[in-house]
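Values quoted throughout were computed directly from the atomic coordinates according to the rules given, and no laboratory measurement underlies them. Being a predicted model, the structure only gives us computed values, none of them experimental. Note that we place each Cβ from the backbone using ideal geometry, even for glycine, and neighbour counts take in every protein chain shown.
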């Protein structure tokens with residue numbers, strides 16, 4: 001019986017390895033054949049967020065959400081890693097919420113829209129949790145801090 005168990009484990013391992021190799025090979029082939037999705041606009045952050053008249057409504061909404069997120073993530077650091085992390089991540093999650101809402105509003109693919117809805121629910125609950133933690137830690141001096 002032990003021999004059958006090990007043989008089964010090895011067979012499953014080999015099957016999974018072959019499957020993974022096939023998926024990786026296929027993915028590499030698909031990526032190489034796919035057209036480039038590089039935006040040819042300038043990499044200057046102000047220029048890239050300005051938008052162009054030919055931008056679609058979703059592109060304009062994504063640019064606006066990205067600009068707001070990056071502005072909000074530009075926090076004044078306190079030197080307290082916990083507080084700085086929470087402040088930055090709240091802004092980051094709020095940006096993810098805004099982008100997910102754009103996907104729900106403008107997206108056409110059901111699976112992408114479903115993912116965006118899941119992200120909205122998850123990010124909203126994480127933001128609430130981080131705000132609670134932030135309030136707790138802002139009221140408590142950091143270890144080693146002088147009163």
For this session: Please sort 85-95, 105-115, 122-132 by packing, taking for each peptide the average over its residues of neighbouring beta carbons within 10 angstrom, highest first.
Result: 85-95, 122-132, 105-115
For this session: Provide the gained length on full extension for the span residue 71 to residue 118, in nm with one decimal, where the gain is 0.36 nm per separating residue minus the Cα-Cα distance.
Result: 14.4 nm
Exercise. Once region 57-139 is represented by equal point scatterers at the alpha-carbon sites, with solvent omitted, what log10 I(q)/I(0) does the Debye formula produce at q = 0.18, 0.23, 0.26 Å⁻¹?
Worked result: -0.77, -1.03, -1.17
